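Asks: I'd like to ask you about the structure that follows.
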Amino acid sequence: MKNKFFMLMLVLVIGLLAACGTKEDKATNSSSDTENKQVLKVGTSADYAPFEYVDAAKGEEIIGFDIDLIKLVGEKLGVEMQVQDMDFNSLVPALQAGKVDVVISGMTPNEEREKVVDFSDKYNQTEQVIIVKKDSGIKKEADLAGKKVGVQTASIQENLGNAIAKKVDVSVEGRTRIPEIIQDMMSKRLDAAILEGGVAKGYLKTNDKLAAFPVEEQPEDYKAIAVQKGSDLKDKINKALKELADEGKIQQLEEKWLEKAE
């Protein structure tokens, strides 16, 4: 009986020690998740040429400035960047929910976004423009009175549209994707659109019926990479961006993707 009792107690003690070890292992693993990951999930909205888009004539692969950049960052971090396409207004919620580890999508940090996610250092700076049809008669913001202006939902352009609406009587209408905005403008469901300058250049180059002029009050507009709040990825990405800039590789991407849109 004594032997049986001893063996039972020994089994219980071993079980308790194993359970404690498991808890410690889990705690250790959770604290170094980003260090152990071989693949990072990257969220983007592939409707923002030349930063992220799909060239249907060449296939279904997402390409562009941001995509090349995040892959170079991945090489610096020693991880594979797995890019996923989703609607722009879903990117920050997906990051918060842990569905993606990183977001790169021509995204500009602002007060609302910075409350829930962290941003890297800036990697590109640009201006905002209002794009119209040449025969619209719209040449400045005051001409937008009584008109419908298209913007991408949850974007900095939506904020700019609302700011303009406080000065000029315009109706600001959101769309999920940039091509929808251009299509609705060409079919006269919208009178104008607010786009980031680099994106607008692509449409101006391929459509001679379009024209553009700068937004009068230009905000400081730069692009950054978003990560989960408190993630150790922020410092690692910043280090990678600095190295890529010092090596001239970001400038090479600008020459490859942005200057050809001129």
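Asks: With 17 Å as the cut-off, how large is the P(r) tail for region 128-214, expressed as percent of Cα-Cα pairs?
Replies: In whole percent, the long-distance tail amounts to 37.
Asks: Also, I was wondering about something else. Once fully extended, how much extra length lies between residue 256 and residue 111, figured as 0.36 nm per residue of separation less the alpha-carbon to alpha-carbon distance?
Replies: Extra length from residue 256 to residue 111 when fully extended: 49.0 nm.
Asks: Taking the DSSP beta bridges in region 128-214 as the whole, what percent of them are antiparallel, to the nearest 5?
Replies: The answer is about 60 percent antiparallel.
Asks: If you count only protein heavy atoms with a 1.4 Å probe, what accessible area per residue comes out for region 128-214, rounded to a whole Å²?
Replies: Averaged over the residues of region 128-214, the accessible area is 46 Å².
Asks: Let me ask something else. Calculate, in nm to one decimal, what residue 229 and residue 99 gain on full extension: separation in residues at 0.36 nm each, minus their alpha carbon distance.
Replies: Here the segment from residue 229 to residue 99 would lengthen by 45.4 nm.
Asks: Considering only DSSP beta bridges with both partners in the chain, what is the antiparallel share in %, to the nearest 5?
Replies: 60 percent
Asks: Comparing 142, 212, 56, which has the greatest mean-square fluctuation in the GNM of the chain with Cα pairs linked when under 10 Å apart?
Replies: Its mean-square fluctuation being the largest, the pick is 56.
Asks: Let me ask something additional. Just for region 111-262, what percent of DSSP beta bridges are antiparallel, to the closest 5?
Replies: Of all bridge pairs located within region 111-262, approximately 70 percent are antiparallel.
Asks: Percent relative contact order of the chain, based on C-alpha pairs within less than 8 angstrom and at least six residues apart?
Replies: 25 percent
Asks: Same structure, new question: With a sphere of radius 11 Å drawn around the Cβ of residue 252, what net charge do the other residues whose Cβ falls strictly inside it have (Lys, Arg +1; Asp, Glu -1)?
Replies: -3
Asks: Please compute the alpha carbon radius of gyration of the chain, then divide it by the globular-protein estimate 2.2 N^0.38 Å. Two decimals is fine.
Replies: 1.33
Asks: Please give the Cα centre distance for region 160-177 versus region 107-151, rounded to the nearest Å.
Replies: 9 Å
Asks: Give me the percent relative contact order of region 128-214, please, defined on Cα pairs under 8 angstrom at least 6 residues apart.
Replies: 46 percent
Asks: For region 128-214, what % of the accessible area comes from carbon and sulfur atoms, probe 1.4 Å?
Replies: 49 percent
The values are calculated or read from the model by the stated rules, or taken from the named source; none is laboratory data. Quantities reported herein were computed from a predicted structural model and do not represent experimental measurements. Methodologically, a virtual Cβ is constructed for each residue, glycine included, from the backbone with ideal geometry; neighbour enumeration extends over all protein chains shown. Ligands, DNA and RNA are excluded from the accessible area calculation, which covers all protein heavy atoms including side chains. Shrake-Rupley method; radii C 1.70, N 1.55, O 1.52, S 1.80 Å.
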